[in-house]
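Following: one structure in structure tokens, then a few remarks.
The values are calculated or read from the model by the stated rules, or taken from the named source; none is laboratory data. All values derive from a computational prediction rather than experimental measurement. All Cβ positions, even for glycine, are placed from backbone atoms using ideal geometry, and neighbour counts span all protein chains on display.
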Amino acid sequence: MKPASFEYVAPATVPEALHLLADDTVDSKVLAGGQSLIPLMNLRLAAPERLIDINNLRDLAYIRDDINGLHIGAMTRHTDVLASTSVRQMTPLLHEAAGFVAHSQVRNRGTLGGTLAHADAAAEIPVALLASNAVITARSIEGERQISVEDFFQGYFSTTLRADELIVDVFLPAMPPHGGSAFNEFSRRRGDYAIGGAAVVLVFDDQGICESARVALLAAGPQPVRAPASEGLLVGHRLDGELILAAAKAAASSANPVTSIHGSAEYRRAVIEEMVARGLREATQRAGV
Amino acid sequence: MVTLPTSGESQQWVGQPLQRREDARFLRGTGRYTDDVPHAFALHAAFVRSPIAFGVIRSIDVRPALEIPGVIAVLTSADLGHATLTGFLDRDEFIKTAMPILANERVRFVGEPLAIVIATSRYIAEDAIEAVSYEIDEFDPIVAMDDAQRTPQPIHDEAPDGVLVDLRMFNDDELEEVLATSHVVVDETFRSGRLQAAPMEGRGCLAEWIDRDDQLVVTVSTQLPHQVRTGIAQALGLAERQVRVIVPDVGGGFGFKAVLGREEVAVAAAARILRRPVRWAEDRLESLTASFQGREQEYTVRAGFTEDGVLTGLAADIRCNIGAYSAFPFTCGLEPIMAATEFLGVYKVPRYASRSRGIASNKPPSNAYRGVSRPQIVMVMEGLMDRAADRLGIDRVEIRRRNTIRAEDFPYSGPNGITYEPGSYLEALELCAAQVEAAGWRQRCEEAAPGFIRGIGIANFSERNAYGTATMGLRRMPMTPGFEVAHLAMDASGDVTLTSGTCSAGQGHETTFAQIVADRLGIAPDRIQLRQGDTDLTSFGWGTFAGRSLVIGGGAAAVAARRLAVQLREVAAQLLSVDADDVELVNGHARVRGTGASISIDEIAKTVHFRSHLLTDREEYLLESHGSADPSGMFSNGCHAALVEIDAGTCAVQVLDYLVVEDCGVIVNPLVVDGQVRGGIAQGIGATLYEEASYSPDGQPLAGSFMSYLVPTAAEMPPISIHHLETPCYQTETGVKGMGEAGTIGAPAVILSALNDALRSRDAWLEHVPVTPADIQRLLALPTKMESS
């Protein structure tokens, strides 16, 4: 379990990192927290020619309030996300999701940008960001662009991020009044990747009618996915127990989990259904309706 | 000479909850494990391993690897002279097969070593692995035990039907008749999954040939220093003296290191061939998929009961999937023998017959794992009790009570040919049942939240341990383990060095052995240093396994200490001009009874070393003694209870609370005993709810990392309360019984019992471990008894 040899560079500034990324003659990989990349390299499932270590880019580690939400720098560690009062108050879903990320040792190193770029369908943060309708800012030597999280994930461990781009910032809209969210996942052992899970954001009008619903599923297919069929059942209605069960069922039938040693696809679908149901109940309750 | 109070109790160290002397270095990261032992010039080994479960090796081409800068050598079986290790029992029912050090002609499991690469770093060695090419013609592998019947190609030609050991040790002509006339017969099949012990520190070694000593010095992480020496010497054609095995701190053994692996032999061989030091540290992938596993067993049992729930007889057909090879030195007969012999546990079973087989498969070889077969047999016996109780309408505790061996039955001889010395089998059951009531578990069961179901389990069992030569001899290994010899030497400062052939894998021997010796010498335990794990330093011994260390090693140390105490009293008597019989050793002094005259033990030690001319009556010089112990073996016993909860939404199982009654005789150190119990239960919970070394039908390992092999963490552990009973065993001078395995033995049975209690409304029983959420889902989907009636 030792990696193949690789070149290692640790740029001191973002422009320097972008210049390195722009070099398409070398197969490069960005090293952020390294909590997925290093094990993959040790198992020789990944063997990049060059590692661009961005841990010196301290100006990418921040959590900044905005009127409409939060800007979080790509190099912000999960631990700092978890500890942030702003995150807890403005985007409670991300706070809740960060608590499910592995163990403190992993959270101390792992970063928001890193887990997003890695795009593991069973990882918590990408699904939480999908449910949060986040906007990702990617930068290259060509300039900067905003990518809606809706357009970011592109199949198994892949994204629409270009090889010369670096994620620099993630914007999360603040939870509106009459909004509620919940993050639920199940793993056999605490801290593991989810067997199934769901991130839910619900917004209600002042009559308690659901105005918008975002239901995103963990480990439900090759990439983080929403469950539009489930969301469609909720919008325009008051959420009672029966509707919640129907919406959970709809979410589960849209899910495509794979059989693994931790459970069959059928079992995993049942877990997703349960997680959606619990999430909808909790989010409704938290919204105060 | 000083005057001490003429009376006053000596400090008694046995029984004290002394903090472990080892803890400071373990917790601060200053322990020294095999891979921490520095060597400036050591080369690094890595193994080319088979990706194929079963096949014939057509060719191996190592030349491309040799061209990589930094690669020193790539050795195959031929380079090692086709060396082998052969673990066998000298009995007709056992088929002797050899395990080549590097695969020769055939590969028999994924991960089997084909070649050893020696390079200047492990990184380069792993590059070289990728450069070695080979051709293997594949056969259909034998993965499950039933596969052996349908495959024409046997794993070992010596055993065409795949059965390497087939024991019918216990027969009873009248059993069938008894079962036929029993009020009920519970007829069930129980299964347990394949496990890996997963110690924090994997295997590892550092081997160097030293010309000066004409010796191969092998630093190795093992539980068996002397048996590793014997195995390496035999495999490499060296005299025992030419191999020195040194064992530094060991980061967990659990039986996983009560074995000699082929990798350690290959590294030793490479060091000898190359005349250069070579080191190897197993990585987790190798540890999980290419080392030793165990516990994959199936029990088909029929148990007869009277109308009152009293056992009438038991027939068992036991099959163990022993993997591809017979491990050295304990052999693939280990699990079948222990399962058959100790099956009956704490119960009176009038008639018993069993057949017990070890069946080869294309998986890594099996070896001991903490508890060896006892977790299974207890799971089976307790499962039978629960089933019978249910069918006869008898309370689960009551049916156990009716079958348990009682105080008045001892010494009890069962149909398994074992005579049981006193234990507290019924007392443990009663205490445990009373504690369950006192803890309000029944109330807690009723208070489960909607969507959650709770149940209570109970398991009463024994743990046979400290097998001496008389018992081990019955197995017919070519070398019979059992005795220990301890040496004690007091130096000129009055400090004592104790050497033992036992070898701690982290259990705290440095603390507990010192407590035993301290009481006999009247000095503090911190004056006693245990040295272990070095074949040039200690007498020949048998290492650590099966609860033997403190009983046999500690028993030998007690004898040596008693003899050293005699010497100290005799010297004191000369120096104080009194009779030695009037001298007692108390609080660091030799004190004359009644007069208060005394001399410090430090002063005695100084005199013996530096002024021996004063001791004209002494025939011997210095202060040295030895002692030995070889008990036949004994049973600790215990009773566990568990409160579990099922989340019907996720089918997750959580153990909410856990109760232990433990009787291991005299307790030397309660902290160590409780730690052993807790650690064992953690592994037992792992075996019951989380861990499985699973394989695909084509023999590929599916659990190659801790993301897929789920060892429980602190978050999965329940609170555990432990109650002690003490029934001493005087096969040694200490009254101690072994107790390292009780936790792993009791936990699967008790959790399964609790789950079946929680699911009692369903007309189905869980009879296997590990229990996965999918199993729970299947049972919850069944109609309840009420719905179906």
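Condition first: outside any helix (DSSP H, G or I), more than 39 Å from the chain's Cα centre (by Cα) and of a type in the set (A, V, I, L, M, F, W, C). Now tell me which residues in the stretch B:555-596 satisfy that. Of everything in the stretch B:555-596, those that are outside any helix (DSSP H, G or I), more than 39 Å from the chain's Cα centre (by Cα) and of a type in the set (A, V, I, L, M, F, W, C) turn out to be B:Val578, B:Val583, B:Ala590, B:Val592.
Put simply, of A:Ala216, A:Ala250, A:Ala198, A:Ala194 the only residue that is buried (at least 17 other Cβ atoms within 10 Å of the Cβ) and more than 25 Å from A:Thr159 (Cβ to Cβ) is A:Ala250. If you go through the stretch B:609-618 and keep only what is assigned to a helix (DSSP H, G or I) and more than 42 Å from the chain's Cα centre (by Cα), you end up with B:Phe610, B:Ser612, B:His613, B:Leu614.
Screening B:Ser628, B:Ser636 for residues that are crowded, with 21+ Cβ neighbours inside 10 Å, out of contact with any His (no Cβ under 7 Å at 6 or more places or on another chain), of a type in the set (S, T, N, Q) and at pLDDT 95 or above leaves exactly one candidate, B:Ser636.
Does B:Ala687 count as away from chain A (no Cβ under 13 Å), within 23 Å of B:Asn321 (Cβ to Cβ) and of a type in the set (A, V, I, L, M, F, W, C)? Spelling it out, B:Ala687 is indeed away from chain A (no Cβ under 13 Å), within 23 Å of B:Asn321 (Cβ to Cβ) and of a type in the set (A, V, I, L, M, F, W, C). Here the helices (runs of 4 or more DSSP H) wholly within the stretch B:17-131 that include at least 3 residues being more than 33 Å from the chain's Cα centre (by Cα) are B:63-66, B:122-131. Scanning the stretch A:5-21 for residues that are within 14 Å of another protein chain (Cβ to nearest Cβ) and surrounded by fewer than 15 Cβ atoms within 10 Å (Cβ to Cβ), we see that the one that is nearest to B:Thr289 (Cα to Cα) is A:Ser5. Looking at B:Asp166, B:Asp137, B:Asp157, just one residue is under 21 Å from B:Ala339 (Cα atoms) and surrounded by fewer than 22 Cβ atoms within 10 Å (Cβ to Cβ), and that residue is B:Asp166.
If you go through the stretch B:132-186 and keep only what is of a type in the set (S, T, N, Q) and over 36 Å from the mean Cα position of the chain (by Cα), you end up with B:Ser133, B:Thr181, B:Ser182.
Condition test on B:Tyr658, is it more than 14 Å from every other protein chain (Cβ to nearest Cβ) and in contact with a Pro (Cβ under 8 Å, 6 or more places away or on another chain)? For B:Tyr658, the condition - more than 14 Å from every other protein chain (Cβ to nearest Cβ) and in contact with a Pro (Cβ under 8 Å, 6 or more places away or on another chain) - is met. Scanning the stretch B:454-499 for residues that are assigned to a strand (DSSP E or B) and among the polar types (S, T, N, Q) gives B:Asn460, B:Ser462, B:Asn465, B:Thr497, B:Thr499. Look at A:Met1 and say whether it is in contact (Cβ under 8 Å) with a residue 12 or more places away in the chain, within 14 Å of chain B (Cβ to nearest Cβ) and assigned to a helix (DSSP H, G or I). So A:Met1 fails the test.
Listed here are the helices (runs of 4 or more DSSP H) enclosed by the stretch B:731-789 that have at least 2 residues being within 14 Å of chain A (Cβ to nearest Cβ) and either at pLDDT below 95 or under 22 Å from B:Ala682 (Cα atoms) (or both): B:773-781. So which residues in the stretch B:120-175 are without any contact (Cβ under 8 Å) to a residue 24 or more places away in the chain and out of contact with any helix residue (DSSP H, G or I) (no Cβ under 9 Å at 6 or more places or on another chain)? Hits for the stretch B:120-175 are B:Tyr123, B:Asp146, B:Gln149, B:Arg150, B:Thr151, B:Pro152, B:Asp157, B:Pro160, B:Asp173. The set of residues from the stretch B:559-592 being buried (at least 24 other Cβ atoms within 10 Å of the Cβ) and closer than 30 Å to B:Arg464 by Cβ comprises B:Ala560, B:Ala561. Here B:Tyr347 clears all of (1) without any contact (Cβ under 8 Å) to a residue 60 or more places away in the chain; (2) under 25 Å from B:Pro51 (Cβ atoms); (3) aromatic (Phe, Trp, Tyr) except the condition numbered (2).
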